[in-house]
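Pasting in a structure now, in structure tokens, and then I'll have a few things to ask.
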Amino acid sequence: MPITQNTPLSALAGMISAAITAYNTGNQTGNYNHIYNIFITARQSGIAGHGGLYDWIHLGNATATIYALLANFGMNRQGSALVRPHIMAHTLKNLPRLSLQWIEHITLPISAPCNTINPNTGKSLSVELDLLYTTLSTPGVITESGGFVAASKTMHCLFPNLAPMIDGRHSGLSYFHILQSTYDPPLGIKNWAGWLGAPLLGVPNPSPRGAGRYNWDAARFLAAIAVNQHIYEIWQQQNGNPGLQTFLALDSTPGTSGIPRIIDKLLW
């Protein structure tokens, strides 16, 4: 279930273990673990076999692997329909190589804000992610209708240890329910401009149920990445800073290997 309304960000870290147990033992969500592990295993094998994300997309079975996860995670239901596989393949193969090759090595927790510069393109991480997210949210590119669910889930497929999955009924509503006054960036950054490299206009956590398909824009997606890291940082502080591997050990389910997937179970 989504977290209750007006939950302070600081309270979420203490809810992780119970949320993981509930997710892993649920009938539907427990099955998602099996589906997700198949995806992660295929992704890891494909990237290792082809020497990187870009070459896996161009030379391997990336499209089929991503298509299968999106289909099994509901992208052909609830008024959404995946585009045909050859269209998705065209989309993925036209994502910029220098961006993919840089971002694939960035995982949470990151040590610097999103205004870090890609030395190969001269663009900041926030701009790189914005461009990818905007592309993937376009109608007819991943799904016929486009929007934040298609964009965020595909971004997670590309960068599972960086990008969160967001939907309207579960995680998206939880982001909205976080007490807005506590919805702060990680790394001790005082404001959203310090994280994004530009001010975040409007509320940082619009409700997907009320905001519409396109109001959860790239800036909000970048804010969700920040909140995922901030929850991780709070958990570390509350537990004596035992390190990343101890945090990841909270969920030993095969395939659940990164901060975004653990936080996804928390916010489901």
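Please list, or write none, the lysines whose alpha carbon is within less than 22 Å of the alpha carbon of Lys190, excluding same-chain residues fewer than 8 places away.
none
Around Leu9, under 11 Å between beta carbons, what's the net of Lys plus Arg minus Asp minus Glu among the other residues?
-2
What pairs from Lys93/Lys265; Lys93/Lys123; Lys93/Lys153 go past 24 Å between their alpha carbons?
Lys93/Lys265
What 222 nm value per residue comes from the helices of the chain, counting each DSSP H run with n ≥ 4 as -39,500 (n - 2.57) and dividing by all residues, nearest 500 deg cm²/dmol?
-16000 deg cm²/dmol
Quick one: if the Förster radius is 41 Å, what FRET efficiency do Thr182 and His86 give, using the C-beta to C-beta distance and rounding to 0.05?
0.35
Order 130-142, 187-199, 161-173, 238-250 from most to least packed using the mean count of other Cβ atoms within 10 Å.
161-173, 130-142, 187-199, 238-250
Average projected area of the Cα convex hull of the chain, in nm²?
So the Cα hull casts an average projection of 12.8 nm².
Can you give me the Cα centroid spacing of the range 111-161 and the range 1-73 in angstrom?
Using only Cα atoms to place each centre, the spacing works out to 17 Å.
Using amide H atoms built 1.01 Å from N in the peptide plane, name the residues 5+ places from Ser124, or on other chains, whose amide H lies under 5 Å from its own.
Asn118
Just order 108-114, 84-90 by mean Cβ neighbour count inside 10 Å, highest at the front, would you?
Most protected by this proxy first, the peptides run 108-114, 84-90.
Something else: At what distance in nm do the modelled label points of Ile117 and Ala68 sit from each other, each positioned 7 Å from its Cα along Cα→Cβ?
For the pair Ile117/Ala68, the computed spacing is 4.2 nm.
Only counting other Cβ atoms within 10 Å, I'd like Arg220, Arg77 sorted with the fewest neighbours first.
Going from least to most buried by this count: Arg77, Arg220.
Ok, one more. Using a cut-off of 9 Å between beta-carbons, work out the net charge of the residues near Leu173 (Lys and Arg +1, Asp and Glu -1, Leu173 not included).
Net local charge, Leu173 excluded: +1.
What does the extension gain come out to for Lys190 and Glu144, with contour length at 0.36 nm per residue minus their alpha carbon separation?
Gain on extension, Lys190 to Glu144, equals 12.7 nm.
None of the figures in this text is laboratory data; all of them are computed from the coordinates on show. Small disclaimer: the values here were computed from a predicted structure and weren't measured. Glycine gets a Cβ as well: all are built from the backbone with ideal geometry, and neighbour counts include every protein chain shown.
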